[in-house]
Amino acid sequence: MYKNVSTKWNENILKNVETVINIYFDGILVNPSYITDFSYGNELFEKDLELGSTPSQYIELQIHKKANIKIPKIIEIKYGILINHALTVAEVNAMTVGDLNGIKVKSLSKDDTNFEMIPIGIYNVDDYDDEDDNVINIKALDNMIKLDLDKGYYDASELIKEKGYATLKEIAQDICNKKGVELRFYFFS
């Protein structure tokens with residue numbers, strides 16, 4: 001959490017916020033009632049943080065076998081905050097489904113403009129263990145892992161050949177297109 005947030009934020013936003021977490025396996029929403037454990041973390045590809053180091057996020061899920069899931073190729077996570085506070089409790093409950101691991105975090109049953117959805121990440125399954133009789137354990141790494149394929153090698157000669165040069169933005173976009181990663185630009189003032 002940010003330090004030194006205002007009292008208004010602390011009293012009205014932080015304490016009174018209705019949130020959801022949507023977890024999708026290959027585009028299909030997973031009912032959080034089947035998720036028995038969920039953790040999120042990050043790590044560096046190398047031991048030390050230095051110029052060029054890329055952090056990678058990972059998630060670990062434990063899902064009850066009653067969910068009848070298949071091994072997903074892609075896991076997508078979105079975090080949502082209720083922005084329409086004119087809704088009644090019954091209306092909010094009608095939009096949501098399940099509880100996440102006994103805590104009062106639910107998922108939206110379908111997209112709804114009453115919630116602001118923030119993409120947390122897209123993850124690729126790294127480890128899938130269904131040896132237990134009751135649960136499936138999944139570890140997934142975010143799409144940043146794709147940048148480490150081919151030991152990070154990239155050749156810009158094709159891009160430069162067209163006009164004799166390439167901007168950093170064009171090179172970054174070309175790398176992401178070739179590696180299958182989304183590129184987003186953020187501008188700060």
Taking amide hydrogens as modeled 1.01 Å from N in the peptide plane, which residues meet the under 5 Å criterion relative to residue 18, leaving out close sequence neighbours?
-> 82
Give a residue-ordered list of calculated ³J(HN,Hα) values for the range 156-170 (Karplus: 6.51 cos²θ - 1.76 cosθ + 1.60, θ = phi - 60°; whole Hz; x for Gly, Pro).
-> 8, 4, 4, 5, 6, 4, 4, 10, x, 7, 8, 6, 4, 4, 5
Given labels modelled 7 Å from the Cα in the Cβ direction, how far is it in nm from residue 153 to residue 93?
-> 6.0
Label-point gap, in nm, between residue 113 and residue 162 - each point 7 angstrom along Cα→Cβ | 3.6
Say the cut-off is 24 Å between C-alpha atoms; which of 110/179; 73/179; 73/110 go over it?
-> 110/179
Note down, for the range 124-175, the three equivalent ellipsoid semi-axes (square root of 5 times each alpha carbon gyration tensor eigenvalue), biggest first, whole angstrom.
-> 40, 9, 6
Peptides 165-176, 84-95, 68-79: what's the order by average Cβ count within 10 Å, highest mean first?
-> 68-79, 165-176, 84-95
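Since every read-out is calculated from the coordinates, none of them should be taken as a lab result. Small disclaimer: the values here were computed from a predicted structure and weren't measured. Cβ sites come from the backbone with ideal geometry, for glycine too, and all protein chains shown count toward neighbours.
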